[in-house]
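Novice: One structure, pasted below without further comment.
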Amino acid sequence: MSTTNPAVPAVPTAPEASEVTRERRTGGDLVVESLAALGARTVFGLPGQHALGIFDALRRSALRYVGLRVENNAGFAADAYARTTHGVAPLLVSTGPGALMTLAALQEAAAGSAAVLAIGSQVPLAGIGGGRHGYLHELTDQSASFRGVVKSVHTARTASQIPSAVAAAWASALSAPHGPVWLEIPQDVLLAPVDVPPVIELDAHIPELRPRAELIAAAADRLAGARTPVILAGGGVVRAGAEAELLALAERLRAPVATTFGGKGAFPWEHPLSLRSWLEDRHTTRFLEDADTLLVVGSGLGELSSNYHTFRPRGRVIQIEADLGKLESNHAALGIHADARQALGALAAAVAERVGEGERESAAADGGAVGTDTPDTPDAAVAGLLARVRERIDGQGLDLEQQVLAAVRDALPDEGVSCWDMTILAYWAWSAFDARRPNALHSAQGAGGLGYGFPAALGVAVAEPGRPVLAVSGDGGAMYSIAELATARQYDLPVTWLIVDDGGYGILREYMTDAFGQATATELTRPDFVALAESFGVPALRTSPERLRTDLAAALASPGPSVVVLPALLRMFAPTHVAP
């Protein structure tokens, strides 16, 4: 029985062996046949000399190939495709420089739990083992470069090993928590003829990560008996598709819910219990600290989710996490190693058995709400917190920043998806942007590397054709990805790229000025982004904060790729994790 990629249509029935073997088949054919048998429909990548056996085999397969211009960008596109489909995204690259160029993207995939299956070539078998034979692209130990980045490393040294190696790598990528894996195959193995039948069916067993019953019972007892429960929902909720279970549990408990930056969309933004995502805010940090029972789901409470490790819970913590390494890694908790959807579903059912709707509401009203000095209902406590956050932001003279972010939100249709680079407007979006639906906002906040936004948006557009997709970059980050305008044009992908041009690395300019009194190495000479986009055949225009909503909406409504350039110097809101 084959394991197919979730949310991806089934691959057309493989042809009869007699049809395939009219041309010589090689190890490369075994790679693409194995991917198709596991449910792959699309692969990303960039060819290179040692990997040509795989790319030649693509010609004989039903797989769709999307080629980018830089391997790192191909990795970012695969990352976003995997996040969008909740499945595996194959990434095909060559040996040495081509392989190493994927490392930054694979680090982001690891931090964001994106199931990227990176398949790279290797030097011929005779050159493997550190003998320094002088092959082109030779590394002493290529796989060692990936071991500290990906979930697992796999090697196929013979043609017969290829299908099983692909299946094992696929299963590793898709097992909870999702993540990137690396598989390498020597050049001569990829090019050698094979006489085995075409791969029709493969089994990649994906084990379920179910919660232990005694842990669910203990957690349900604590939550049912809590006077001021609060929930912090992370990216694991989105990756598991556990939004309905989260909503059911929160409403049963009448528990306020905050979402991490990676968990945006996990809980309805406008819900009366929604604390939204203002995690870089002392008022929100204090609200979470004041909970007598804090349920953390799908988050390791890392730097960004804990207001730069200033969070100090005073109540009991329950943590549900699929990544065993993140369980209790920052705070002591009742740790539940489980998939978020299964754990939340079981927890909601167990809580329902322990406390009725009316009893929970009565207990909340009698016991008070977190974040306040006087008894209050959870809804009122949430509204009070959001008012305090709004007052803090409004007192900093940041009207332009709020105007620009609101214009972007108004221009993007509710069914649209946004992908954000590491830029000041993205930092605003982490806290203040309403994603409107689950899995509709992607950013590089896991590893924090530049250049994610545009190639990620291309990956989303491949995964969900016809859906409007927005990429947001600063001028510095845009230069990492400018070559992919050719990719967008070649495949006619409907991505609108908003480039906020502030003349340099804006956030680093702020950091350095605050820390040292002046900035160094942050100012950049930029191209004319409008003229540059048009040279690729991509429509482009320059806008202003006043025209942004109209111009961006028009670009998003137009077919194919487009670029909107906004010259603007934006500022960050004041941090609350450092002394004034």
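Novice: Between rounded, prolate and oblate, where does segment 290-338 land on the alpha carbon gyration tensor, with a ≥ b ≥ c its root eigenvalues, rounded for a/c under 1.5, else prolate if a/b exceeds b/c?
Specialist: It is oblate, given that a/c is not under 1.5 and a/b is not larger than b/c.
Novice: Which peptide among 563-575, 99-111 comes first, and what is the full order, when sorted by highest mean count of other Cβ atoms within 10 Å? Don't jump to the answer; show the numbers that get you there.
Specialist: Working: 563-575: 19.5, 99-111: 24.5.
Most protected by this proxy first, the peptides run 99-111, 563-575.
Novice: Quick one: angle between helix 453-463 and the longest Cα principal axis of the chain, in degrees between 0 and 90, rounded to 10, please.
Specialist: 70 degrees
Novice: Restricting to the chain, what percent of DSSP beta bridges are antiparallel, rounded to 5? Could the numbers behind the result be given before it?
Specialist: Values: 2 of 64 bridges.
Rounded to the nearest five, the antiparallel share is 5 percent.
Novice: I need to check one value: relative contact order of the chain, counting alpha carbon pairs closer than 8 Å and at least 6 residues apart, in percent. All intermediate terms of the calculation are to be shown ahead of the outcome.
Specialist: Working: 1341 pairs, mean separation 73.2, N = 580.
Dividing the mean separation by the residue count of the chain yields 13 percent.
Novice: Per residue and in Å³, how big is the convex hull formed by the alpha-carbon atoms of segment 240-323?
Specialist: On the way: hull volume 7.7 nm³, N = 84.
Enclosed volume per residue, from the Cα hull, is 92 Å³.
Novice: Divide, for the chain, the radius of gyration over alpha carbons by 2.2 N^0.38 Å, where N is the residue count.
Specialist: On the way: Rg = 24.8 Å, N = 580, 2.2 N^0.38 = 24.7 Å.
Normalised by 2.2 N^0.38 Å, the Cα Rg of the chain equals 1.00.
Novice: Same structure, new question: Given the peptides 166-172, 519-525, 253-259, arrange them by the average over their residues of other C-beta atoms within 10 Å, most packed first. Please report the intermediate quantities before stating the final value.
Specialist: Values: 166-172: 24.4, 519-525: 12.4, 253-259: 26.3.
Ranked from most to least packed, the peptides come out as 253-259, 166-172, 519-525.
Novice: Continuing with this model, one more query. Go ahead and run the numbers for FRET between ARG312 and THR158, Cβ-Cβ distance against an R0 of 56 Å, rounding to 0.05. It would help to have the intermediate numbers written out before the result.
Specialist: Working: r = 55 Å, r/R0 = 0.98.
Using R0 = 56 Å, I get an efficiency of 0.55.
Novice: Students often check this: by mean Cβ neighbours within 10 Å, which of 65-73, 238-246 ranks highest, and how do the rest follow? Before the final figure, lay out the partial values.
Specialist: On the way: 65-73: 21.8, 238-246: 23.9.
Put in order of decreasing packing, that is 238-246, 65-73.
Novice: Given labels modelled 7 Å from the Cα in the Cβ direction, how far is it in nm from ARG526 to LEU508?
Specialist: Simple spin-label model gives 1.5 nm for this pair.
Novice: While we're looking at this one, here's another question. Could you give the angle, 0 to 90 degrees to the nearest 10, between helix 399-411's Cα long axis and the longest principal axis of the Cα atoms of the chain?
Specialist: In the chain, helix 399-411 runs at an angle near 60 degrees to the longest axis.
Novice: For segment 430-480, which semi-axes, largest first and in whole Å, follow from the square roots of 5 times the eigenvalues of its Cα gyration tensor? Don't skip to the answer; put the middle values down first.
Specialist: On the way: eigenvalues 68, 45, 19 Å².
The three semi-axes for segment 430-480 are 18, 15, 10 Å.
Novice: Compute the orientation-averaged projected area for segment 55-192 from the convex hull of its Cα atoms and round it to one decimal in nm². Present the calculation step by step, with values, prior to reporting the outcome.
Specialist: On the way: hull surface 31.6 nm².
Convex hull of Cα atoms, orientation-averaged projection: 7.9 nm².
Novice: What is the distance in Å between the Cα centroid of segment 454-508 and that of segment 187-265?
Specialist: After rounding, the separation between the Cα centres reads 29 Å.
Novice: Taking all protein chains in place and a 1.4 Å probe, what share, in percent, of the accessible surface of the chain do carbon and sulfur account for? Could the numbers behind the result be given before it?
Specialist: Values: 11430 of 21890 Å².
Answer for the chain is 52 percent, counting heavy atoms of protein chains only.
Novice: Whole number in Å², please: accessible area per residue of the chain, 1.4 Å probe, ligands, DNA and RNA not counted.
Specialist: Working: 21890 Å² over 580 residues.
So the chain comes to 38 Å² accessible per residue, rounded to a whole number.
Novice: If each residue of separation counts as 0.36 nm, what is the full-extension length gain between LEU569 and GLN518 once their alpha-carbon separation is subtracted?
Specialist: Numbers: separation 51, 0.36 × 51 = 18.36 nm, distance 1.64 nm.
The LEU569-GLN518 span can extend by a further 16.7 nm.
Novice: May I ask you to list the chymotrypsin sites (Phe, Trp or Tyr not before Pro) in segment 218-321 that are in a DSSP loop and have at most 15 other Cβ atoms within 10 Å of their Cβ?
Specialist: Numbers: sites: PHE261, TRP269, TRP278, PHE287, TYR308, PHE311; in loops: PHE261, TRP269, TRP278, TYR308, PHE311.
Sparse-neighbourhood loop chymotrypsin sites (Phe, Trp or Tyr not before Pro): TRP269.
Novice: Starting from the coordinates of the alpha-carbon atoms of segment 47-99, obtain the Kirkwood hydrodynamic radius over all distinct pairs and give the value in Å to one decimal. Before the final figure, lay out each step's value.
Specialist: Numbers: mean 1/r = 0.0842 Å⁻¹.
About 11.9 Å for segment 47-99.
Novice: Can you pull the three principal axis extents for the Cα set of segment 407-505, in Å, largest first?
Specialist: Sorted from largest, the Cα extents of segment 407-505 read 33, 32, 25 Å.
Novice: Work out, step by step, the length gained on full extension between ASP141 and ALA62: first 0.36 nm times the residue separation, then minus their alpha carbon distance; give nm to one decimal.
Specialist: Numbers: separation 79, 0.36 × 79 = 28.44 nm, distance 3.33 nm.
Separation in residues times 0.36 nm, less the Cα-Cα distance, equals 25.1 nm.
The values are calculated or read from the model by the stated rules, or taken from the named source; none is laboratory data. Keep in mind the model is a prediction, meaning the values are calculated, not measured. No Cβ is skipped: glycine too gets one built from the backbone with ideal geometry, and neighbour counts run over all protein chains shown. Areas reflect the complete protein model, heavy atoms only, side chains present, ligands, DNA and RNA absent. Shrake-Rupley method; radii C 1.70, N 1.55, O 1.52, S 1.80 Å.
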